[in-house]
Structures are given as C-alpha cells and as structure tokens.
Amino acid sequence: METAAGIEARLPIRSDMDLVWVRQHIRQAAAQLGFGLVEQTKLVTAASELARNTLVHGGGGEVHTLPLVSGRARGMRLTFTDQGPGIPDLERALSDGYTSGGGLGMGLGGARRLVHEFAIDSTPGAGTTVTVTSWAARPPLPREEI
C-alpha cells in the first residue's frame, strides 16, 4: 500500500470553523482520489459526525487524513483523535439509534455504516481514536485473494 502525495494532512478540530475546514479538505481530497459524488458524500458525512464528536465530546483534537493507493484502487484513511474523557460504554455508543444529541443524529453506528473499515479505541479518562477507511470504488482484495 502506498500513499498519494499532496493530500495527507493533520487538521486541528478545536472550533466549529475547524469542522468546516475538515469537511472541505476531505471532500476535495476524495474528489482528487477519484471518489464519485455519492462516495464523497458518504465519507464527508461520516467525517462530519466523527469530527463533531471529537470537538463536542472529546474537547477537541485532530484528524489525520491519509490517501491510500493499492494498485489502481484509491482510498482515504481518516484518524480522529482526542484526549477527552473517553467512551465508557462502546457497545452502547455503537448501537443503532444511540445518539448523545447535537450531531447529525446518526451517531458512531451510522458513521460506521458509511465507510468500508471502522475501528475505535477509547479508554475512559484517556481519550478516543476512531479510524475509518473508504475506497473510491470497492476495497482492493488482500494479496492472498488475488
């Protein structure tokens, strides 16, 4: 797996204005990587929810955007980190219909459904890291399956 130059970034998430910049950067980067409009919208919607969670529940943090290239496949990995209070009940937070309010109303579970890969690491008192990956068409097959 290689990375595509010029799109990788670390963006702060400390204000509502930062949320706007994060969405714009991700949409532009996804378009550059060849994501179609529907794929861009899914990724930006998931990123918007995760960025808002980082700001509101985590007290701010950052997102690291990493473009991915695997053969002809193009994708993007987003890693949201904060040093907030963490999520005491991950299972509940990931369940359908759970929302703590204030976001898009889709919660972590909704964000997870919009991307190809989703991972979360949260320790109460030590912050949260959410990593998502989306591919422009479909995820590339692992080398063993090709």
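Mind checking which residues of region 80-109 are surrounded by fewer than 17 Cβ atoms within 10 Å (Cβ to Cβ), in a loop (DSSP other than H, G, I, E, B) and at pLDDT below 85?
Selection gives PRO88, ASP89, SER95, ASP96, GLY97, TYR98, THR99, SER100, GLY101, GLY102, LEU104, GLY105.
Specify the residue that is surrounded by the fewest Cβ atoms within 10 Å (Cβ to Cβ); the eligible residues are those in region 31-49 that are touching a strand residue (DSSP E or B) at 6+ places or on another chain (Cβ under 6 Å) and at pLDDT below 95.
Applying the filter and picking the extreme gives GLY34.
Among the residues of region 56-65, count how many are aliphatic (A, V, I, L, M) and crowded, with 20+ Cβ neighbours inside 10 Å.
1
Would you mention how many residues in region 4-20 are assigned to a helix (DSSP H, G or I) and surrounded by fewer than 16 Cβ atoms within 10 Å (Cβ to Cβ)?
Matching residues across region 4-20 total 3.
Scan region 46-78 residue by residue and report those that are closer than 16 Å to TRP135 by Cβ and within 15 Å of the chain's Cα centre (by Cα).
ALA46, ALA47, THR65, LEU66, PRO67, LEU68, GLY75, MET76, ARG77, LEU78
Kindly indicate which of ARG112, ARG27, ARG77 is surrounded by 15 or more Cβ atoms within 10 Å (Cβ to Cβ), at pLDDT below 95 and touching a Leu at 6+ places or on another chain (Cβ under 9 Å).
ARG112
Is there any pair linking a residue in region 70-92 that is within 28 Å of THR41 (Cβ to Cβ) to one that is of a type in the set (A, V, I, L, M, F, W, C) and surrounded by fewer than 18 Cβ atoms within 10 Å (Cβ to Cβ), with Cβ under 6 Å and at least six apart or on different chains, and which?
Taking only residues 6 or more apart or on different chains, the pairs are SER70/MET1.
The values are calculated or read from the model by the stated rules, or taken from the named source; none is laboratory data. Keep in mind the model is a prediction, meaning the values are calculated, not measured. Every residue, glycine among them, receives a Cβ derived from its backbone with ideal geometry; neighbour counts consider all protein chains shown.
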